[in-house]
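Below is one structure, written out as structure tokens, with a few remarks after it.
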Amino acid sequence: MLAEFAVHVEETRGRRYPQPQHPYRNDFQRDRDRVIHARAFRRLEAKTQVFTRRYSDHFRNRLTHTLEVAQIARTAAQALKLNVDLVEALALVHDIGHPPFGHAGEKALNGAMQAHGLSFDHNLHALRIVEDFEIRYAAFRGLNLTFEVREGIIKHSRDYAPQKFPELAAYLLDQRPPLEAQLIDLADEIAYNTADLDDGYEAHLLTLEEIRDGVPVFARFFDEVEKLYPDAPDKLKFNETNKRVLDRLVGDLIQSTQAHVTRAKIRTLEDVRHHPERLACLSAEVEEERRTTKQFLYDNLYFSPSLAEEKDDAEIVVCTLFEQWMEKPSTLPHNYQEKAREEPLARVVCDYIAGMTDHFIYEQYERFTGVR
């Protein structure tokens, strides 16, 4: 049973190219499956989350992170009586537009684009992927996803001003996205905050003492765990603590969102869309815990000297290849050369680089520079 304010699949705004109903899958289930079978989704397995494989292959990559976001988002959606099929599709597609090398690669690519008066936004790139780059059907380009999934791709984590993005006018930029899309951003934050603590600790870049000192919510739960399991190894104490932190975040997301919906007297999807602010939220107390954890990770992990060399490498590789293809577009693959006749060369080069895996972009760098 779905809440009245949930997105009901039978009321979908449909696809760009009408298709007959599938005999045993609804439209959002089909979208989920189309994302899973997309080449861009498979490439997430070889794209950095925080640690590249040159550091270790034991840590999260962009694909395993995506699966964790989907698990958290499904749990919250089911508790809130939202459309779990839509939420799962949105969670699985939410990072499909990320370039290689994680946020370091995104920063470098955006900087290269700004030098040409353009920019790189992974949400907008994801929309280009599902609408144009994926070639799987004879009748149309792209995956032909439903409006609700395409809207959620661009609106799940930020609002786009209608005046600045007239090309997105079809996506109701003057309205809030459905709750199914709003959940994704917070599920994403919950997933990477807890996972990055785990990977950072496992990588010996964060010590148990540093985490306890810098993340008060972790310290409180660790004291509880230590009383329950005084003889357990530190790693198992860490696991038990981090699990409790994750459960607190997800539980609060469910309860606070439901309370917000109730206070705002939300009855329908249109109420969600026209509410002056997003309804998916954490309580003030837990939001502060989330911010503290995120700041701790920025201060002690993301900008760790141990990772600085890889970030520098990422910037060099991305910027070098970007300039290589800007100066010599004849060295681009033939299909990208054809695209450059219709679109700005910088955008075409950006599209090519953004689709690469970490491994492939290193291959290209070695090919054009001779440097391993």
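No lab work stands behind these numbers, since they all come straight from the coordinates. Model, not experiment: these values are computed from the prediction. With ideal geometry, Cβ positions are generated from the backbone for all residues, glycine too; neighbour counts draw on all protein chains shown.
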Going by C-beta contacts inside 10 Å, put Val317, Val217 in order with the fewest on the left. Val217, Val317
Among Ile129, Ile153, Ile211, what is the fewest-to-most ranking by other Cβ atoms within 10 Å? Ile211, Ile129, Ile153
Test of understanding: in a Gaussian network model of the chain with alpha carbons linked when under 10 Å, which of His274, His156, His94 would top the mean-square fluctuation ranking? His274
For the chain, calculated [θ]222 nm from helices alone, where every DSSP H run of n ≥ 4 adds -39500 (n - 2.57): -18500 deg cm²/dmol
For the chain, built as a Gaussian network whose Cα springs stay under 10 Å, the top-fluctuating residue of Ala169, Ala139, Ala104: Ala139
In what order do His122, His65 fall by count of nearby beta-carbon atoms within 10 Å, going from fewest to most? His122, His65
Most mobile listed residue (Glu210, Glu338, Glu315) in the chain, GNM with C-alpha springs under 10 Å: Glu338
Coil-residue chymotrypsin sites (Phe, Trp or Tyr not before Pro) of segment 253-348, DSSP, other Cβ within 10 Å capped at 12: Phe303
